[in-house]
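Colleague: What follows is a single structure, and I will ask about it in a moment.
Read the figures in this text as sums done on the coordinates, not as results from a lab. Quick caveat: nothing in here was measured; it's all calculated off a predicted structure. For neighbour counting, all protein chains shown are included, and Cβ atoms are generated from backbone atoms with ideal geometry for every residue, glycine included.
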Amino acid sequence: MSGGAFLSEIFSSIQGEGPYIGMRQVFVRFLDCNLDCSYCDTENKRAVLRECRIEKEAGIGLFSYLPNPVSIDELEASLTALEGFDGLHHSISITGGEPLLQAEFIRGWLEAAKKRRAIYLETNGTLPEKLKSLIDKIDIISMDIKLPGTGAIAPQWEAHRSFLEIAAEREVFVKVVVSAATKDGELDHALEIIESVNAAIPLVIQAMTVDGRPDEGLSPRRIFDIQERASRRLKDVRIIPQTHKITGVL
Ligand code: SF4
């Protein structure tokens, strides 16, 4: 096992996306990503961020700093200080970047840690072998299916399919970011993958934001069209925007 994890921040906030929106979580944000989406809004390069900032107490917005890599003991001590009273946090959100790039650390950490809360994994859904290595430690999976024309990245279809087949062993939902550039053909490809695994897996459609604002070229009618197209094949299709920018929380 590696000596530690490359992290950008540990903090307490509310989940801003998807069906668990509004739930209070402790976030552990991992550095680095294997993709380079055009709409990415997280600073995720370990070469740039050499320290991890850690909120000193839940919700106060004051931070201490630890040099990377962060050890399991340091991470556990930070979580103990942040968690507050029983019942404050619903779960621990493992996020990024792409946290599964550091799956070996995460597995070691979750084996060593006492079971604190439910473990909620936010992932781009492209590293199925990494997921398989720790699926037994994860309770809830929020996975993306990336539409290549929307994020200006290479297609990830087969990786997404394999990933969702493994993720379906747990509670899972899929998030798809759409924009004015989204084509029906790539949307259909994503729908086929979900339908082939289980049409009851919830799909969250999230309109792309640029600098905190909705994509101006994406009309409300087009968003409804996308939901209606998806609802012909899937049982649970929701339109849920990102809310961090609205509430102003971390
Ligand atoms: S997968 Fe997520 S973290 Fe990685 S580049 Fe895309 S938006 Fe950014």
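Colleague: Scan VAL28, VAL70 and give me the residue that is touching a residue at least 40 places away in the same chain (Cβ under 8 Å) and under 19 Å from the mean Cα position of the chain (by Cα).
Modeller: Working: VAL70 fails: under 19 Å from the mean Cα position of the chain (by Cα).
One residue alone meets the criteria, VAL28.
Colleague: Looking at the stretch 181-207, which of its residues are more than 16 Å from the ligand (Cβ to nearest atom) and part of a helix (DSSP H, G or I)?
Modeller: Of everything in the stretch 181-207, those that are more than 16 Å from the ligand (Cβ to nearest atom) and part of a helix (DSSP H, G or I) turn out to be ASP184, GLY185, LEU187, ASP188, HIS189, LEU191, GLU192, ILE193, ILE194, GLU195, SER196, VAL197.
Colleague: Right, here's the next one. Can you tell me how many residues within the stretch 104-144 are closer than 24 Å to VAL26 by Cα and more than 15 Å from the ligand (Cβ to nearest atom)?
Modeller: Here the count works out to 26.
Colleague: As an exercise: evaluate LEU110 against (1) in contact (Cβ under 8 Å) with a residue 40 or more places away in the chain; (2) over 27 Å from PRO155 (Cα atoms) and give the number of the one condition it does not meet.
Modeller: Evaluating LEU110 over (1) in contact (Cβ under 8 Å) with a residue 40 or more places away in the chain; (2) over 27 Å from PRO155 (Cα atoms) leaves (1) as the failure.
Colleague: Here is a follow-up. Output the residues belonging to the stretch 118-132 that are under 17 Å from GLY108 (Cα atoms) and of a type in the set (A, V, I, L, M).
Modeller: ALA118, ILE119, LEU121, LEU131
Colleague: Would you tally the residues in the stretch 16-58 being more than 16 Å from the ligand (Cβ to nearest atom) and on the phi > 0 side of the Ramachandran plot? Write out each step before concluding.
Modeller: Step one: filter the stretch 16-58 for residues more than 16 Å from the ligand (Cβ to nearest atom), giving 19-26, 50-58.
Keeping just the survivors that are on the phi > 0 side of the Ramachandran plot gives 22.
Number of matching residues: 1.
Colleague: Here is a follow-up. If LEU147 passes every condition in (1) surrounded by fewer than 22 Cβ atoms within 10 Å (Cβ to Cβ); (2) more than 23 Å from VAL28 (Cβ to Cβ); (3) not β-branched (Val, Ile, Thr) but one, which one does it miss?
Modeller: Result: LEU147 fails condition (1) only.
Colleague: Here is a further query. What single numbered condition from (1) closer than 19 Å to LEU121 by Cα; (2) in contact with a strand residue (DSSP E or B) (Cβ under 7 Å, 6 or more places away or on another chain); (3) of a type outside the set (A, V, I, L, M, F, W, C) fails to hold for GLY59?
Modeller: (1)
Colleague: Please pick out the residue among SER8, SER13, SER64 that is away from the ligand (no atom under 16 Å from the Cβ) and closer than 18 Å to SER93 by Cα.
Modeller: The conditions single out SER13.
Colleague: For the stretch 18-45, enumerate the residues that are buried (at least 17 other Cβ atoms within 10 Å of the Cβ), in a loop (DSSP other than H, G, I, E, B) and of a type in the set (D, E, K, R).
Modeller: Passing the criteria: only ASP32.
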